[in-house]
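Only one structure is covered here, and it is reproduced in the block below.
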Amino acid sequence: LKEKMKEQSWNIHFSEYGRGTSMFFTRKTRDLIVRGVPESLRGELWMLFSGAVNDMAAHPGYYTELVEQSLGNSTLATDEIERDLHRSLPEHPAFQSDTGISALRRVLTAYAYRNPKIGYCQAMNILTSVLLLYAKEEEAFWLLVAVCERMLPDYFNRRIIGALVDQAVFEDLIRENLPQLVEHMTDLSFFSSVSLSWFLTLFISVLPIESAVNVVDCFFYDGIKAILQLGLAVLDFNLEALITCNDDAEAVTILNRFFDSVTNKDSPLPPTVQQASVGNNEQASHVSVDISELIKEAYEKYGHFRSEEVESSRKRNKLHVIQTLEDTTKQNVIRVVSQEVQFTTSQLDELYNLFKRQHFLCCYWTMKSPALLHHDPSLAYLEQYQLGFQQFSELFFLLEPWAFCASKSTLSLWVFRLIDENQDGLINFREFCCALDTLYGGSFTNKLKFLFKLHLPPAFTGSPLHLKEERVQHFLPVTEDSSHLTRLTAFDLPEDGVIRKSPERGRGKVDLQAYLKQWQNEILKKEETIKDLPRINQAQFIQFSKTLYNIFHGDPEEESLYRAVAHVTSLLLRMEEVGRRLQESSSPPASTTPVEASSTKEASSKPVTSDASSSHNSQEGAEQSSTDWSFSFEQVLASLLNEPAIVGFFERHVYIQTKLAQARVAQLKLKANK
């Protein structure tokens, strides 16, 4: 009877103010919403109030296409969806059969495919389950779009910034409207932790479903304002009990008992069904509370603030929330990196600020930069801010301890390739700091080993540095996820033309096996010794000598350092020549065997042929011996250790604090001059 009375009231309203998108919203509309929407009209009115009806009309057939395209895709989002399907209103009959579960799966998977930046987040399954109870499958999809992308912005991601912002707004409202509670509980962070589920699930997770749908009615009509004022009404209703409680656990118990006592007297379901969904609690001390009365009280007591005030408070608190998250991120990154480098905490703090600023500078000045296209706040702390080659080169130029006077871009490219461990074309903060730590605080052997590795693959390949833009396009794989690769500059492409992609990130598609393998390799990776380094060939050694000359340029001891490099180079070449001659002179007798001796005697009867063949072989051997020569790291290290000028140069202490102070000033000037 109550349902029929509600329907009749709404029909009168439709006749007076119109129905559908042409309906006028009046004070009477809100009064009808507070009383509760009839079951038969709930889906229609949700679509109307949220604006989802317009989205669906503007995109006919869009949902069907999404379902077909997402069918069979296996991603991290789909794995999480499958895990949570049977946790979505398990007590409701609609989700105890394959029909309801399949519909829920299709809606969540289609949305994850539509919006990979959000993908799937916990609490979306609970919300979608309720939407499916009162709306068709396609309508439920568009309602989910409206909630996630308009009504609750930034709620459903891994950092839940939107929910944290609204919690801060809620704390401000508590201070303004419940001063008694503030006096008793000076730390309001407790209410932030308790109310998180209220905001994420619109009270669905704490109220019986029959009562929670009335809250959803108000939410689709008034937005987050309805949730905020209902939260205030809940605290006000339990004010006396909360003031007398001794700890947070007792306060949580009081609120849980209150939510268990909330009922919906106007629900068409029998009371036994409602009580089954609520559960029995023998210790419950609360008298039954009707949800309609609670919502009415919330509107009467706390409905005075406007939606514009809420939005203003959101903007004001968002800056504080984001800054708090950024500070937490920085602390975690510095804590991890400090275990691998010798820099102090204050130095790492300044390095992080420079690195982060460089990331944002490239995002501002280069809208299609790789760092911007790969930026995803949901990634791990170390991966949130990364630099492509151009941005890395600029920052490395400001912080390098030596005055690279020539071929700066070449050396920066080699350093970039060397420290880019996963070869994804991006450098994170840890990789950057480890390289600087070697150059500033490493021993003579470690610094020399770093320079030595710069002239070995994958850092040095011997091919020209300047690549043509056409080559970038030529080597790009044609895939749906490679659109960002077409925006890479020539310097961001490896010289061999092969683009090596790390496990896919930030788009809801993550290769978990690849991540586990990479993690395992990092754990099992042993410390590299000088004996593990490969030998350096002729072209690489020549470039290594040129690099030393470039490093020493402009130094007060430049002349003596140049003479030392020349002396070491000539010494190594003479050692190689002597060794090659000894090898040539000792190789014939050493390789002679009885079989070879008998063959030599037989060959003596054929002087012409043997002379020709021996002459040919000797020429090949001479050519091979003249080209195939190399040095090991031990040989280079031993030779350089005999030169005090070179050893003193590399062991000279360089103060990074001075470089940091100069970089802070020069970083913005460098970009402005460009």
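The values are calculated or read from the model by the stated rules, or taken from the named source; none is laboratory data. These numbers come from a predicted model, not from an experiment. So basically every Cβ, Gly included, is an ideal-geometry build from the backbone, and we count neighbours across all protein chains shown. Only protein heavy atoms, including side chains, enter the accessible area calculation; ligands, DNA and RNA are left aside. Shrake-Rupley method; radii C 1.70, N 1.55, O 1.52, S 1.80 Å.
Miscellaneous remarks
- At full extension, Ser312 and Ala57 could sit 88.6 nm farther apart than now, given 0.36 nm per residue minus the alpha carbon distance.
- Set of the stretch 29-57 residues, backbone N closer than 13 Å to the point 7 Å along the Cα-Cβ line of Glu137: none
- Gyration tensor verdict on the stretch 57-172 (Cα atoms; rounded if a/c is under 1.5, prolate if a/b is larger than b/c, oblate otherwise): prolate
- Calculated FRET efficiency for the pair Phe360/Thr569, C-beta based, R₀ 30 Å, to 0.05: 0.10
- Cα-Cα over 21 Å, subset of Lys330/Lys449; Lys447/Lys546; Lys6/Lys265: Lys330/Lys449
- Peptides 350-363, 329-342 ordered by packing proxy, namely the average of other Cβ atoms within 10 Å per residue, highest first: 350-363, 329-342.
- A simple spin-label model places the labels of Val287 and Gln69 5.7 nm from each other, with each point 7 Å out along Cα-to-Cβ.
- Cα→Cβ-extended label distance, 7 Å offset, between Arg664 and Ala638, nm: 4.8
- Residue separation of Arg335 and Leu196 scaled by 0.36 nm, minus their Cα-Cα distance, works out to 47.2 nm of gained length.
- Averaged over its residues, the stretch 1-74 has an accessible area of 58 Å² per residue, based on protein heavy atoms and a 1.4 Å probe.
- Prolate/oblate/rounded call for the stretch 152-214, Cα gyration tensor, a/c under 1.5 rounded: oblate
- The stretch between Ala539 and Cys434 holds 35.0 nm of extra length on full extension. This uses 0.36 nm per residue minus the Cα-Cα distance.
- Applying 1/(1 + (r/R0)^6) with R0 = 22 Å to the Cβ-Cβ distance of Tyr549 and Val647 gives a FRET efficiency near 0.80.
- Relative packing of 104-111, 8-15, which averages over residues the other C-beta atoms within 10 Å, highest first: 104-111, 8-15
- Ordered by 1.4 Å accessible area with all protein chains kept, Lys117, Lys669 run largest first as Lys117, Lys669.
- Arg581 versus Gln423: modelled label distance in nm, points set 7 Å from Cα along the beta carbon direction: 4.2
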